[in-house]
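Engineer: Pasting a structure here, questions to come.
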Amino acid sequence: MNKIIKNILTKIESEGYEAYVVGGYVRDLLAGIFSYDIDICTNATPKELLSIFPNSSSKNLGGIEFKVKEYHIEITTYREEIKYKNRKPVEFNYINNLVLDLQRRDFTINAICMNSKGEIIDLVGGIDDLSALKIKMIGDPSLKIKEDPLRILRGVRIATLLNFNLETNLYKEIKANNKLILTLSNTRIKEELDKILLSKNVKKGLNLLNDLGILNLLEVSNWEEIIPVKNLEGMYAQFKINYDLPFTKVEKNNIIAIRRIINSGTIDKQTLYNYGLYLSLVAGEILGIDKKRINKIYKDLPIHDKKDINIKASDIVESLKIDYSKKVGIILKDIETSIINGKIRNKTSDIIKYIKEHKSEWIK
């Protein structure tokens, strides 16, 4: 058992309380996946936990959190949830009963526990469902989904990441209640979509979202032929989504740029100059263009930015005996394109010679 986790559990136990690792860490451990997110449940109250771990910070809904090296630790008190509002339990009681605490959780495979000795404790049939590659809700799936509609997307996301299937009743209830996802914040929806899109099983996830009617609700189209890449912007660039997701300005611009490169179907000198190496490599992976070839084209570019051009606007005005105007910008653009395409060398003397020879094209 991991020493860091064991030390935390034994520290709580040494104060006379119970403590178990629960949730995704145990699930992933049994599935052969490593994780740094550790959830621990205990009968110690939040106040008692703060006295045991004084350098931790309080967590909403009763608990504490802190980091140890690369591990993110969350410790919560056993509780029984009575009433939900907008996904959040607004009425709950702290309890001294592990079984009741597990009953409030979502899926059976997320409620498998591990004690400080590394022993696995399964009180809800999670190991059987893990072996059957099945996502099954604890309790009534209809009630649990209505309590917290995020469980719809969480179920699909976990099924995608683990390459599992939704249990029949859960599948039916998600499909019947799929419109509840529209009550979620667009941030929450994007967080779950992001994880699905970056999964190696993304096509399974998208097919499942489609079968459940969720892609239709989010107005997603052109997703069928998606090429999996390890870049989120590259994934979003491959399909259309009309639902308002909270992309940053940079993300939006990158998605648009990658989409334009994909639609052009090629990556040449002008593409690399306009969009840069990073976005071109992402688009190149989608287009099936060898990255070594892309890197070579970029390396061989005579300039990578306007600032690299060996002439200034003042040089153009002086050489052509003209006034400053919009035409200077047009000439600079022509020079930029000509250098990129190898029409002229990026030497001041060559550029001046070029603009003098082509003056009549800009100045009548």
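Engineer: Check off (1) closer than 15 Å to Asp28 by Cα; (2) at pLDDT below 95 for Leu161 and give me the number that stays unchecked.
Structural biologist: Leu161 satisfies every listed condition except (2).
Engineer: I'd like to check which helices (runs of 4 or more DSSP H) are fully inside segment 268-364 and have at least 3 residues that are within 28 Å of Glu233 (Cβ to Cβ).
Structural biologist: Numbers: elements: 269-287, 291-299, 313-320, 326-340, 348-357, 359-362.
Hits in segment 268-364: 269-287, 291-299, 326-340.
Engineer: Let me ask you something else. Among the residues in segment 250-262, are any at pLDDT 95 or above, over 24 Å from the mean Cα position of the chain (by Cα), in a helix (DSSP H, G or I) and outside the structural domain of Leu193 (by TED's automatic domain parsing)?
Structural biologist: First, the residues of segment 250-262 that are at pLDDT 95 or above: 250-262.
Still in the running and over 24 Å from the mean Cα position of the chain (by Cα): none.
No - not one qualifying residue is present in segment 250-262.
Engineer: Hey, another quick one. Of all residues in segment 23-48, how many are under 22 Å from Ile112 (Cβ atoms) and either outside the structural domain of Ile8 (by TED's automatic domain parsing) or part of a helix (DSSP H, G or I) (or both)? Walk me through how you get there before you give the answer.
Structural biologist: Quick first cut of segment 23-48, residues under 22 Å from Ile112 (Cβ atoms) only: 23-44.
Narrowing further to those that are either outside the structural domain of Ile8 (by TED's automatic domain parsing) or part of a helix (DSSP H, G or I) (or both): 24-30.
So the count comes out to 7.
Engineer: With the condition kept exactly as written, say whether any residue in segment 87-108 is over 18 Å from Thr42 (Cβ atoms), crowded, with 19+ Cβ neighbours inside 10 Å and among the aliphatic types (A, V, I, L, M).
Structural biologist: No.
Condition check ((1) of a type in the set (Ser, Thr, Tyr); (2) under 25 Å from Gly126 (Cβ atoms); (3) out of contact with any Leu (no Cβ under 9 Å at 6 or more places or on another chain)) across all residues:
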site: Tyr25; (1), (2), (3): yes, yes, yes
site: Cys41; (1), (2), (3): no, yes, no
site: Pro46; (1), (2), (3): no, no, yes
site: Glu74; (1), (2), (3): no, yes, yes
site: Arg79; (1), (2), (3): no, yes, no
site: Asn93; (1), (2), (3): no, yes, yes
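Engineer: Just a yes or no: is a residue in segment 14-21 surrounded by 13 or more Cβ atoms within 10 Å (Cβ to Cβ), under 30 Å from the mean Cα position of the chain (by Cα) and either part of a strand (DSSP E or B) or of a type outside the set (Val, Ile, Thr) (or both)? Don't jump to the end; show me each part of the working.
Structural biologist: Restricting attention to segment 14-21, the residues satisfying the condition of being surrounded by 13 or more Cβ atoms within 10 Å (Cβ to Cβ) are 15, 17-21.
Cutting the leftovers down to under 30 Å from the mean Cα position of the chain (by Cα) gives us 20-21.
Going one step further and asking which of them are either part of a strand (DSSP E or B) or of a type outside the set (Val, Ile, Thr) (or both), we end up with 20-21.
Yes, there is a match, as at least one residue in segment 14-21 is surrounded by 13 or more Cβ atoms within 10 Å (Cβ to Cβ), under 30 Å from the mean Cα position of the chain (by Cα) and either part of a strand (DSSP E or B) or of a type outside the set (Val, Ile, Thr) (or both).
Engineer: Being within 19 Å of Thr108 (Cβ to Cβ) and not hydrophobic (A, V, I, L, M, F, W, C) is the filter; apply it to segment 38-78 and report the residue that is farthest from the chain's Cα centre (by Cα).
Structural biologist: Ranking the qualifying residues of segment 38-78, first place goes to Tyr78.
Conditions tested, residue by residue: (1) farther than 19 Å from Phe34 by Cα; (2) out of contact with any helix residue (DSSP H, G or I) (no Cβ under 6 Å at 6 or more places or on another chain); (3) buried (at least 19 other Cβ atoms within 10 Å of the Cβ); (4) not assigned by TED's automatic domain parsing to the domain that holds Glu15.
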residue	(1), (2), (3), (4)
Glu119	no, yes, no, no
Asp128	yes, yes, no, no
Asn163	no, yes, no, yes
Asn169	yes, no, no, yes
Glu173	yes, no, yes, yes
Lys179	yes, yes, no, yes
Glu191	yes, yes, no, yes
Leu209	yes, no, yes, yes
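The values are calculated or read from the model by the stated rules, or taken from the named source; none is laboratory data. What you see is a predicted model; the values in this text were computed from it and never measured. Ideal geometry is used to build each Cβ from the backbone, glycine not excepted, and the neighbour counts take in all protein chains shown.
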